[in-house]
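K.L.:
Got a structure for you, questions after.
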Amino acid sequence: MPRTTTAVRSFLLVASTVLLVAGCEGGGTVAAGGGGGGWVTQTPSPTTATSPSSPDALTGPSSSSPSGSSSAPSSSSAVSSAPPTTTTTETSTTTPAPQAPPQTTEKPADPPAPPAPTPTEADAQEAKVVELTNKERSNAGCAPLVADKRLGTSARGHSQDMANQNYFDHVSKDGRTFVDRIKAAGYPSPGAENIAAGQQTPADVMKSWMESPGHRANILNCGLKALGVGVAKGGSFGIYWTQNFGW
C-alpha cells in the first residue's frame, strides 16, 4: 500500500562544471495521499547567453531546433513529335524461327504494416501530465513545452528504476545524475528534473509540484523548451513520477 502522507523532499543542483547540491526543505506534509518530491536544474554553460529571469531556478543555454525548409513541388511536361515514318515489307520465302513466349515477372506484394501499439495506462497518465504542465505554463504566460520521446524515455526509465530498486532520489543507484540519464537517451541539452512518489493521479502529482516552490519554478521556467514524463508502479510508495525538461 502507498503511503498516505510523505514529507516533500527537494533538491536544487547547481555547479560550475556539472552540479552542486543544496538542500531546500518543503515544510509540512502532502495531503490526500501525496508523496515526496524533488527538483534539480542544470547549470548553464558560462559561454552561452540567454537565461530565464526566474530567481528560483538556474537556467542553461537554450537550444534551437534546426528549421526545416520546403519548396513547392513543381512539375513539367514536354511533348515531342517525331516525323512520321513509313515501312516497306519485303516478302521472303524463309519460314521464321519460332520465338519463345514473353516472360513476365510479378513484384511480390509488400508485407502489411505492423499495427500501431496500443496506448497503455502509463502512456495516458504521462500525456495528461504534459497537458496539465502546459496549462500551468499558459496561465503564467510561458510557451508550451514540446513532448520529446527522448526525455520521455529518460523520465520513465528513472521512475521504473526507483520503483524496481525501492529508492527515491535524483541520483540513481549507479551514481548517474539526471544529466547523465537524459544525455544517454539522446537528448543533448538537459534542463531540469522533478520527481514525486505516492500520488495516484496526474492531477494529484501536479498539485504537489505546483505547491512546492522548487518544482513550480521548473514547471514555469519559460526558457525550457521540451518535456518528457515517466510514471512507474512499485516500491514502497506504490507509484513514482518523473519530469525531465530540456533546453
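The values are calculated or read from the model by the stated rules, or taken from the named source; none is laboratory data. Being a predicted model, the structure only gives us computed values, none of them experimental. When we count neighbours, we look across all protein chains shown, and the Cβ atoms used for this are built from the backbone with ideal geometry, even at glycine. Note: areas computed on protein heavy atoms with side chains; ligands, DNA, RNA excluded. Shrake-Rupley method; radii C 1.70, N 1.55, O 1.52, S 1.80 Å.
K.L.:
Of everything in region 107-122 that's open to solvent by less than 100 Å² (accessible area, probe 1.4 Å) and over 30 Å from K233 (Cβ atoms), which residue is farthest from the chain's Cα centre (by Cα)?
P.N.:
A109
K.L.:
For region 146-159, which positions are surrounded by 18 or more Cβ atoms within 10 Å (Cβ to Cβ) and either over 15 Å from G230 (Cβ atoms) or modelled with pLDDT under 95 (or both)?
P.N.:
Matches in region 146-159: none.
K.L.:
Note down all Cβ pairs under 8 Å where the first residue falls in region 135-149 and is of a type in the set (K, R), the second is surrounded by 14 or more Cβ atoms within 10 Å (Cβ to Cβ) and not in a helix (DSSP H, G or I), and they're at least six residues apart or on different chains.
P.N.:
R137/P144; R137/L145; R137/L220; R137/C222; K149/G228
K.L.:
I'd like to verify a number: residues in region 123-145 that are at positive phi and crowded, with 17+ Cβ neighbours inside 10 Å, how many? Break it down into steps so the answer makes sense when it comes.
P.N.:
Applying the first criterion (at positive phi) to region 123-145 yields 141.
Next, from what is left, pick out any that are crowded, with 17+ Cβ neighbours inside 10 Å: none.
Number of matching residues: 0.
K.L.:
What number of residues within region 181-222 satisfy the criterion of being part of a loop (DSSP other than H, G, I, E, B) and under 21 Å from W247 (Cβ atoms)? Reasoning before the result, please.
P.N.:
Initial filter on region 181-222 (part of a loop (DSSP other than H, G, I, E, B)): 185-189, 198-201, 211-212, 220-222.
Among the residues that remain, those that are also under 21 Å from W247 (Cβ atoms) are: 185-189, 220-222.
Matching residues across region 181-222 total 8.
K.L.:
To continue, here is another question. Any idea which residue in region 126-175 is farthest from Q243 (Cα to Cα), counting only those that are among the aliphatic types (A, V, I, L, M) and in a helix (DSSP H, G or I)?
P.N.:
Selected residue: A163.
K.L.:
Take the residues in region 172-223 that are open to solvent by 40 Å² or more (accessible area, probe 1.4 Å), among the charged types (D, E, K, R) and out of contact with any Phe, Trp or Tyr (no Cβ under 7 Å at 6 or more places or on another chain); name whichever of them is farthest from S159 (Cα to Cα).
P.N.:
E211
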